[in-house]
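K.L.:
I'd like to ask you about the structure that follows.
The values are calculated or read from the model by the stated rules, or taken from the named source; none is laboratory data. What you see is a predicted model; the values in this text were computed from it and never measured. Here the Cβ is made from the backbone with ideal geometry for all residues, glycine too, and neighbour counts use every protein chain on show. When the accessible area is computed, the model is the full protein with side chains, heavy atoms only, and any ligands, DNA or RNA have been set aside. Shrake-Rupley method; radii C 1.70, N 1.55, O 1.52, S 1.80 Å.
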Amino acid sequence: MRVIEVDAIPSGFELDDFKRSVHMMDDEAENDPALGLVLESAEAAVATATGRPVTPRLVEFIVVRGHWSRWWFPVLPVQELTGLAVDDGAGGWIDQPLGGAWLQQAHDEPQLVIGPSWAGRSVQGDLLRIQARVGGADVSTFPRLRQAVFLLAKEWLDAGVSIEGETVPQLSFGVRLLIKQARYIRPFEVA
């Protein structure tokens, strides 16, 4: 998966909310840029580990074509399918219409379904480029994702900058458990 969003991806969490959760003073504004980077990094790490980006973003997947008609996305939710293209064999892409292809179970087990009428079936090429808008935590998982991000950011702040030769701190049991509870694992790749 490659993020192709042109605009900046907004953070899913407020810095002031994080500071309150770890009992930091609100008047320490000179540290806000550094704290913001730690919070962004923790959010990205948790989103990658769980397959659940908190905020929407435009992404791209490259999939080997085959004799399948259904492909499961490795992240959820999928807000919308925005583009399909088949490789031209020379490093380029041939855009295909979305008609005849659709998104199914977008918030549960998101799948791209390629119907028999999809125009790209007749185009030669080994790869399929799928572009979609993904992300946006649901009500049931948002609190766990929030807690995992805040705990991870706090652990990183407490650990400080790693000095060569020191043992790199491992994720705490709480962070690992929260990530495990929220992790999305697609049931199949293709069918």
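K.L.:
Mind listing just one residue for me: the one in segment 59-76 that is open to solvent by 40 Å² or more (accessible area, probe 1.4 Å), modelled with pLDDT of 95 or more and not basic (K, R) and, of those, nearest to A137 (Cα to Cα)?
P.N.:
By that ranking, first place goes to P74.
K.L.:
For segment 1-39, give me the residue count where each residue is in contact with a Ser or Thr (Cβ under 9 Å, 6 or more places away or on another chain) and loosely packed, with under 13 Cβ neighbours inside 10 Å.
P.N.:
Residues flagged as in contact with a Ser or Thr (Cβ under 9 Å, 6 or more places away or on another chain) and loosely packed, with under 13 Cβ neighbours inside 10 Å within segment 1-39 amount to 1.
K.L.:
Can you tell me which residues in segment 118-136 are touching a strand residue (DSSP E or B) at 6+ places or on another chain (Cβ under 9 Å) and surrounded by fewer than 16 Cβ atoms within 10 Å (Cβ to Cβ)?
P.N.:
Answer for segment 118-136, where residues must be touching a strand residue (DSSP E or B) at 6+ places or on another chain (Cβ under 9 Å) and surrounded by fewer than 16 Cβ atoms within 10 Å (Cβ to Cβ): A119, R121, V123, Q124, D126, L127.
K.L.:
Of the residues that sit in segment 45-57 and are touching a Gly at 6+ places or on another chain (Cβ under 9 Å) and assigned to a loop (DSSP other than H, G, I, E, B), which one is most open to solvent (accessible area, probe 1.4 Å)?
P.N.:
Among those that are touching a Gly at 6+ places or on another chain (Cβ under 9 Å) and assigned to a loop (DSSP other than H, G, I, E, B), it is P56.
K.L.:
Exactly one condition in (1) modelled with pLDDT of 95 or more; (2) more than 17 Å from G12 (Cα to Cα) is not met by Q79; state its number.
P.N.:
It is condition (2) that Q79 fails.
K.L.:
Taking segment 106-117 as the search range and keeping residues that are touching a strand residue (DSSP E or B) at 6+ places or on another chain (Cβ under 6 Å) and of a type outside the set (G, A, S), which one is surrounded by the fewest Cβ atoms within 10 Å (Cβ to Cβ)? Even if it seems obvious, please write down each step before you answer.
P.N.:
Taking segment 106-117 first, the residues touching a strand residue (DSSP E or B) at 6+ places or on another chain (Cβ under 6 Å) are 106, 110-114.
Going one step further and asking which of them are of a type outside the set (G, A, S), we end up with 110-114.
Details: P110: 23, Q111: 21, L112: 23, V113: 16, I114: 18.
Going through the qualifying residues, I end up with V113.
K.L.:
Right, next: So for segment 69-78 (the condition being of a type outside the set (A, V, I, L, M, F, W, C), more than 16 Å from Q111 (Cα to Cα) and either more than 18 Å from the chain's Cα centre (by Cα) or assigned to a helix (DSSP H, G or I) (or both)), does at least one residue qualify?
P.N.:
no
K.L.:
Of these, E109, E60, which one is among the acidic types (D, E), part of a strand (DSSP E or B) and within 24 Å of F188 (Cβ to Cβ)?
P.N.:
After applying the criteria, what remains is E60.
K.L.:
Quick check on this structure: which one of A85, A42 is on the phi < 0 side of the Ramachandran plot, assigned to a strand (DSSP E or B), open to solvent by less than 40 Å² (accessible area, probe 1.4 Å) and among the small types (G, A, S)? Spell out how you get there, then give the answer.
P.N.:
Working: A42 fails: assigned to a strand (DSSP E or B).
Exactly one of A85, A42 is on the phi < 0 side of the Ramachandran plot, assigned to a strand (DSSP E or B), open to solvent by less than 40 Å² (accessible area, probe 1.4 Å) and among the small types (G, A, S), namely A85.
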